[in-house]
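Structure first, then comments.
The values are calculated or read from the model by the stated rules, or taken from the named source; none is laboratory data. Quick caveat: nothing in here was measured; it's all calculated off a predicted structure. With ideal geometry, Cβ positions are generated from the backbone for all residues, glycine too; neighbour counts draw on all protein chains shown. Protein only, heavy atoms only, side chains kept; ligands, DNA and RNA dropped before computing areas. Shrake-Rupley method; radii C 1.70, N 1.55, O 1.52, S 1.80 Å.
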Amino acid sequence: MMTLREEIEPNFDLAEQRYPEVLRLILEYTDFCDEHGDEDSKEYQRLENKLYEMTGKEMSQFNLWEWWEGNGAEYLSFDISLPDPKVVKDITKDELAEIVKRMSTFEAPDLNDKSFKGMFYSYICFGSDYFPQFLKLNFKSYDIKLFQAHQDKDGNYYEYSPEEITDALWNGKLIHKNK
């Protein structure tokens, strides 16, 4: 795996610093609601405000009420803790290819890696919106459909290769296949 520039890689260090407090606040809010309810949403608003102050992220994009219907409190806390991707100048084709490879090809993480990054690395590649948001910010031709299965005229399914996706993003052109 190629190491990307610091401004491209997810900032696991800052996420790790924020994560315990974010998780604690979410779980405390859930416990409060279980015990007292929050009909007027005052506690919810307090939670949103605290998390916004910590991260600078707009909390309306997250479901703080019913996180159990999503990926769970841990992944929600990670998403909130992780800084958003940025616009990066002068991205190389190799860097783009590495991002596409991470999103397209399952590479088993080191199962012995019990670090914070080790716990969330696969999620960054396959569950979180970090890299899709990065591509959307940095490549006008980004479309999530590049990473999805398609059906040809005969009803057969196919997916674009990482190389085809990289070329489409790099050249700013959507892929049109008549298979």
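Comparing G155, G72, G56, which has the greatest mean-square fluctuation in the GNM of the chain with Cα pairs linked when under 10 Å apart?
Most flexible of the set in this elastic network: G155.
With everything on Cα atoms, drop me the angle between helix 42-55 and the longest principal axis of the chain, reported from 0 to 90° to the nearest 10.
Roughly 50 degrees between the two axes.
Along the charge dipole of the chain, Cβ charges K/R +1 and D/E -1, which of V87, Y160, N171 sits furthest on the positive end?
Among V87, Y160, N171, the one farthest towards the positive end of the dipole of the chain is N171.
In the chain, with Lys and Arg counted as +1 and Asp and Glu as -1 at Cβ, which of these residues, G56, Y130, S141, has the Cα nearest the positive end of the dipole, that is, farthest along it?
The listed residue farthest towards the positive side: S141.
So what J values fall out for the stretch 72-89 if you push phi through Karplus, 6.51 cos²θ - 1.76 cosθ + 1.60 with θ = phi - 60°, rounded to Hz, Gly and Pro as x?
Calculated HN-Hα couplings, in order: x, 5, 5, 6, 4, 4, 5, 4, 5, 6, 6, x, 5, x, 10, 6, 10, 7 Hz.
Calculate how steeply helix 12-36 sits against the longest principal axis of the alpha-carbon atoms of the chain, using the helix alpha-carbon long axis, and give the answer as 0 to 90 degrees to the nearest 10.
50
Using helices alone, I'd like the mean residue ellipticity at 222 nm for the chain: each DSSP H run of four-plus residues gives -39500 (n - 2.57), total over residue count, nearest 500.
Estimated from H runs of four or more residues: -16000 deg cm²/dmol.
Need one value: the accessible area of R46 in square angstrom, 1.4 angstrom probe, rounded to the nearest 10.
Accessible area of R46: about 120 Å².
Would you work out which of L96, A15, Q45 lies farthest towards the positive end of the dipole of the stretch 12-111, given +1 charges on the beta-carbon of Lys and Arg and -1 on that of Asp and Glu, about the Cα centre?
Farthest along the dipole direction, towards plus: L96.
Below 18 Å Cα-Cα, how many Lys pairs turn up in the stretch 1-139? Only count pairs eight or more apart in sequence, or on different chains, if you could.
8
Sorted from largest down, what three extents in whole angstroms do the Cα atoms of the chain have along their principal axes?
Sorted largest first, the three principal extents are 58, 37, 33 Å.
When ligands, DNA and RNA are left out and all protein chains stay put, how many square angstrom of accessible area per residue does the chain have with a 1.4 Å probe?
Per-residue accessible area for the chain comes out at 62 Å².
Working from Cα positions, state the angle (0 to 90°, nearest 10) between the long axis of helix 93-104 and the longest principal axis of the chain.
Taking Cα atoms only, the helix is inclined about 60 degrees.
To the nearest 20 Debye, how big is the dipole of the stretch 1-154 about its Cα centre, given +1 on the beta carbon of each Lys and Arg and -1 on that of each Asp and Glu?
Once rounded to the nearest 20, the dipole reads 760 debye.
Rounded, prolate or oblate: which one fits the stretch 80-125, using the alpha carbon gyration tensor with axes a ≥ b ≥ c (rounded when a/c is under 1.5, else prolate when a/b beats b/c, else oblate)?
Oblate shape, in that a/c is at least 1.5 and b/c is the bigger or equal ratio.
Taking all protein chains in place and a 1.4 Å probe, what share, in percent, of the accessible surface of the chain do carbon and sulfur account for?
Taking all protein chains in place, the chain shows 47 percent carbon and sulfur surface.
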